[in-house]
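We did not get these values from a lab; they are worked out from the coordinates using the rules stated. Remember, predicted model here, so these are calculated numbers, not experimental data.
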Amino acid sequence: MARDPAEMKTGELRKQAERAGIRNTDQMNKNDMIQALGGTANAQRGGGQRQKDPKPPGISPKDYKNIPGNQT
């Protein structure tokens, strides 16, 4: 099973890119190499919108903000 390129070390990723025939890997950063190999640099990484909205449905954001314990 292939490892996730985002979890690989840069040196390992560089060797894999060179084996795939990608040139100038010494001038690329990790994200560039991942994209050159056909992957996405931010696969399965943070993106706050995946989290569930903490406020109960039917409550306006202004009202929710004023409930003790919900201030940020």
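Of all aspartates and glutamates in the structure, those lying under 16 Å Cα to Cα from Lys62, and not within fewer than 8 positions of it along the same chain, are Asp53. Applying 0.36 nm per residue to the separation of Asn29 and Arg3 and subtracting their alpha-carbon distance, the gain on full extension is 7.5 nm. A convex hull fitted to the Cα coordinates of region 1-42 yields 66 cubic angstrom per residue.
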